[in-house]
1. Considering segment 86-114 alone, what residues qualify as being within 26 Å of Ile38 (Cβ to Cβ), in contact with a Gly (Cβ under 9 Å, 6 or more places away or on another chain) and not hydroxyl-bearing (Ser, Thr, Tyr)?
2. Say whether the condition of being without any contact (Cβ under 8 Å) to a residue 24 or more places away in the chain, in a loop (DSSP other than H, G, I, E, B) and β-branched (Val, Ile, Thr) is met by at least one residue in segment 58-76.
3. Given the criterion within 21 Å of Ile21 (Cβ to Cβ) and not hydroxyl-bearing (Ser, Thr, Tyr), identify the matching residue among Leu85, Leu61.
4. Check whether at least one residue in segment 84-95 is exposed (fewer than 14 other Cβ atoms within 10 Å of the Cβ), at pLDDT 90 or above and in a strand (DSSP E or B), and report yes or no.
Amino acid sequence: MLYEIKLKNAPNQRFILNNIILNGVSRSFVVELSYREICGYWTMSLSDQYTQRQIVSEMPLVTGLFLDRAGNMFSQMQYLGLGQLGIFPSTDNTTDYPNDSNISTDFSLFWRYD
């Protein structure tokens, strides 16, 4: 299943994703997105909503071309069974990376799982 995570331009966001099916089990996650103004990029943290166990901490949101290749930000964590995560330009913007004013309008974040 491919799920689009709706983004906002707010520099610090926290929300819950429910009913993510991983290895046949429905799970809920807390997602935190932060814009690092000094560095000029977004990061994402992911934790289990029920156990509060941190799964991913401060992972930079890096764009890519294909979800199943270089664009998969979960590729180095395949042993966790999280599926695939990627952020992609959704318009003909002139930048490769989302900034504090265009992440919600020019980019789309997708999570592919079971």
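The values are calculated or read from the model by the stated rules, or taken from the named source; none is laboratory data. Note that this is a predicted model, so its numbers are computed, not measured. Glycine also receives a Cβ, built like all others from the backbone with ideal geometry; neighbour counts cover every protein chain displayed.
1. Matches in segment 86-114: Gly86, Ile87, Phe88, Asn99, Asp100, Leu109.
2. Checking segment 58-76: not a single residue is without any contact (Cβ under 8 Å) to a residue 24 or more places away in the chain, in a loop (DSSP other than H, G, I, E, B) and β-branched (Val, Ile, Thr).
3. Details: Leu61 fails: within 21 Å of Ile21 (Cβ to Cβ).
None of the others qualify; the one that does is Leu85.
4. Scanning segment 84-95 turns up no residue that is exposed (fewer than 14 other Cβ atoms within 10 Å of the Cβ), at pLDDT 90 or above and in a strand (DSSP E or B).
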